[in-house]
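The values are calculated or read from the model by the stated rules, or taken from the named source; none is laboratory data. Here the structure is a predicted model, which is why all the values come from computation and not from measurement. Cβ atoms come from the backbone with ideal geometry, glycine included; neighbour counts cover every protein chain shown. Heads up: the accessible areas ignore ligands, DNA and RNA and are worked out on the full protein's heavy atoms, side chains in. Shrake-Rupley method; radii C 1.70, N 1.55, O 1.52, S 1.80 Å.
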Amino acid sequence: QVQIEESGGGLVQPGGSLRLSCDASGINVWLYDADWYRQAPGKQREEIASVTRDGLKNYTDSVKGRFTISRDYEKPTIYLQMNNLSPEDTAIYYCNFRRGTKNYWGQGTQFTVSS
């Protein structure tokens, strides 16, 4: 059984940093590409960062230079390091592992950027 679980959400002040984790079990994550998505209140879910199984990374413009996606090559985990956060980053964050037609999603982790 495949299980995907995000963690690391909470409350952060503007300008602060946070690292999200996404743990996977039941799949060989090193064969999958991985993405982070987010869904802000009243908005559609959007892809913000991706990393291929070969380590190539891509980011949407709104997070470039502030967010970093990475893999843990010792554990089936991906991370999203987020710096210089603003209230516009408030959302539920989801990770996704994909390979061909297979997509595995977590339930999401919420964080709020507020003073």
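Considering K43, K57, K64, which residue is at pLDDT 95 or above, more than 16 Å from the chain's Cα centre (by Cα) and either surrounded by fewer than 16 Cβ atoms within 10 Å (Cβ to Cβ) or not charged (D, E, K, R) (or both)?
K43
Can you work out which of the residues in the range 14-46 that are in a loop (DSSP other than H, G, I, E, B) and among the charged types (D, E, K, R) is nearest to G108 (Cα to Cα)?
So the residue we want is R45.
Out of the range 49-78, which residues are over 20 Å from V2 (Cα atoms), polar (S, T, N, Q) and assigned to a loop (DSSP other than H, G, I, E, B)?
T60, S62
Taking the range 84-109, which residues are under 18 Å from C22 (Cβ atoms), more than 11 Å from the chain's Cα centre (by Cα) and open to solvent by 30 Å² or more (accessible area, probe 1.4 Å)?
R98, R99, K102, N103, Y104, Q107 - these are the residues of the range 84-109 that are under 18 Å from C22 (Cβ atoms), more than 11 Å from the chain's Cα centre (by Cα) and open to solvent by 30 Å² or more (accessible area, probe 1.4 Å).
Please tell me if E74 is open to solvent by 70 Å² or more (accessible area, probe 1.4 Å), of a type in the set (D, E), free of Cβ contacts under 8 Å to residues at least 24 places away in the same chain and over 21 Å from S114 (Cβ atoms).
Judged against the criteria, E74 is a match.
Checking the condition open to solvent by 40 Å² or more (accessible area, probe 1.4 Å) and touching a residue at least 60 places away in the same chain (Cβ under 8 Å), which residue from L11, L20 passes?
Answer to the selection: L11.
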